[in-house]
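Peer 1: Okay, handing you the structure first.
FYI, it's all coordinate maths here, none of it is from the lab. Remember, predicted model here, so these are calculated numbers, not experimental data. Don't worry about glycine lacking a Cβ; one is built from the backbone with ideal geometry, like all the others, and counts go over all protein chains shown.
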Amino acid sequence: MTPIKINIKEKGQKAIKPIPLYAGLYGHSYPSKKEIESVTFDSFEKYIMEK
C-alpha cells in the first residue's frame, strides 16, 4: 500500500532499501531471510536516530 498524498514534511534520511512488507486482501507477507541484512545495534541506532 502506498499513500496517495503525504501532508507533512518528511523527516530523516531516505531509506537505503524500503521495508518489503506487503499487506493486502489476502493477508500479509514478510521478506525472505535473503533480503534481511544483519547489522550491529550501534549502526542501527545511528540510522534510526539520525546520528
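Peer 1: If the reach is capped at under 20 angstrom between alpha carbons, list the aspartates and glutamates near Lys46, excluding any in the same chain fewer than eight residues apart.
Peer 2: Glu10, Glu37
Peer 1: Under a point spin-label approximation (7 Å from Cα along Cα-to-Cβ), what is the Glu35-Lys14 distance to one decimal in nm?
Peer 2: 2.0 nm
Peer 1: Right, another one. Nearest 0.05, what FRET efficiency do Phe44 and Asn7 give at R0 = 25 Å with Cβ-Cβ as r?
Peer 2: 0.30
Peer 1: For the range 35-42, in order, what is each residue's ³J(HN,Hα) by Karplus, 6.51 cos²θ - 1.76 cosθ + 1.60 with θ = phi - 60°, in whole Hz (x at glycine and Pro)?
Peer 2: 8, 9, 9, 6, 9, 6, 4, 4
Peer 1: Read phi for every residue in the range 3-10 and hand back ³J(HN,Hα) as whole Hz from Karplus 6.51 cos²θ - 1.76 cosθ + 1.60, θ = phi - 60°, with x for Gly and Pro.
Peer 2: Karplus-based 3J(HN,Hα) across the range 3-10 equals x, 6, 8, 9, 8, 10, 7, 5 Hz.
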